[in-house]
Amino acid sequence: EADIYQTPRYLVIGTGKKITLECSQTMGHDKMYWYQQDPGMELHLIHYSYGVNSTEKGDLSSESTVSRIRTEHFPLTLESARPSHTSQYLCASSGTYSNQPQHFGDGTRLSIL
Amino acid sequence: RKEVEQDPGPFNVPEGATVAFNCTYSNSASQSFFWYRQDCRKEPKLLMSVYSSGNEDGRFTAQLNRASQYISLLIRDSKLSDSATYLCVVHSGFQKLVFGTGTRLLVSP
C-alpha cells in the first residue's frame, strides 16, 4: 500500500482566505503531482515536480502555486480562495522511472463559500 | 484529438458477465500503460500495469496492441463490487502520465 497523505480531507472556508493543502509521501519518490477533479469529471493535472526545487505547471491553468523544498513534501497554496476553486484536489507521487505508476493520496475536498 | 480516449459508458452488465473496455492512445512513443480504478468521490487506485505480452490478475486481463495503439481491459465473472470508473493511463513522451476520462461500469444483480 502506498504511503501518501493529504490533509485536510475536507475544508469549507470563506472567500478571500489563504489556503494550503498538504501532501506528504514516505516512499522517497522523486516525482509528485497535483490534480484537480470535479465530481464525475476527468482528472486535470495542475502542477508537478520531478524533485527538490523543481516545479512545473500542468495542463490545466490554475491560480494555485506549489513548492518542493523537501522530497517528501509538496504543498499547494491558494493565496485568495474563490468559489471557482471548489473542487477535489488529489496529490500523487511516483518513482524515478517511466514505467512506475502513480500512487494517490485520499484527496482534499475543498468548498469555498 | 485527445492523447488518450475512452468510451465514457456507462456499461451496464449483470453479475457474472464478461465485459471489455478499450482505450486508444495517440502517441506512438508511449512506453508504459496502466489501468486504474476510481470509485465515486474516491482517489484513483492502480488496478494493473499493462505489459507488452499481456497480463492477467485473477478475473482481470489487460492487453496492449501497439500496432493499433490501444490497450484493453477484460473483466470476467463481474461482481457488484466491480462497479466503478476505469481509467486508462498512458505514459506520454514528455515524462507525464496521461489519464483518460474513464469508462463507467455498473454491475447489477
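Atom-type composition of the exposed protein surface of region B:25-98 places 48 percent of the accessible area on carbon and sulfur (1.4 angstrom probe). Where is the GNM fluctuation largest for chain B (alpha-carbon springs, 10 angstrom cutoff): B:78, B:52, B:92? Looking only at B:78, B:52, B:92, the largest GNM fluctuation is found for B:52. If R0 is taken as 30 Å, the Cβ-Cβ distance between residue B:28 and residue A:50 corresponds to a FRET efficiency of 0.80.
Only Cα pairs under 8 Å and 6+ residues apart enter the sum, and on that basis the relative contact order of region A:62-113 stands at 32 percent.
FRET efficiency for the residue A:11 to residue B:40 pair, using the beta carbon distance and R₀ = 22 Å, is estimated at 0.65. On the beta carbon distance between residue B:15 and residue B:57, with R0 = 25 Å, the FRET formula returns roughly 0.80. For residue B:79, a cut-off of 29 angstrom between C-alpha atoms picks up these lysines, skipping any fewer than 8 places away in its own chain: B:42, B:45. Charges were assigned to the Cβ only: +1 to each Lys and Arg, -1 to each Asp and Glu. The resulting dipole of chain A about its Cα centre is roughly 340 debye. For chain A, a Gaussian network of Cα nodes joined below 10 Å ranks A:31, A:57, A:17 by mean-square fluctuation, and the top entry is A:17. Using the 1.4 Å probe convention, the accessible area of region A:17-64 works out to 50 Å² per residue with neighbouring protein chains retained. Note on chain B: Cα convex hull, mean projected area over all directions, 6.6 nm².
Taking 7 Å steps out from each Cα toward its Cβ at residue A:71 and residue A:111 produces label points 3.9 nm apart. Each Cα pair under 8 Å and six or more residues apart adds its sequence gap; the mean of these over the residue count of chain B is a relative contact order of 38 percent.
The values are calculated or read from the model by the stated rules, or taken from the named source; none is laboratory data. Keep in mind it's a predicted model, so treat the numbers as computed, not measured. Glycine also receives a Cβ, built like all others from the backbone with ideal geometry; neighbour counts cover every protein chain displayed. Areas reflect the complete protein model, heavy atoms only, side chains present, ligands, DNA and RNA absent. Shrake-Rupley method; radii C 1.70, N 1.55, O 1.52, S 1.80 Å.
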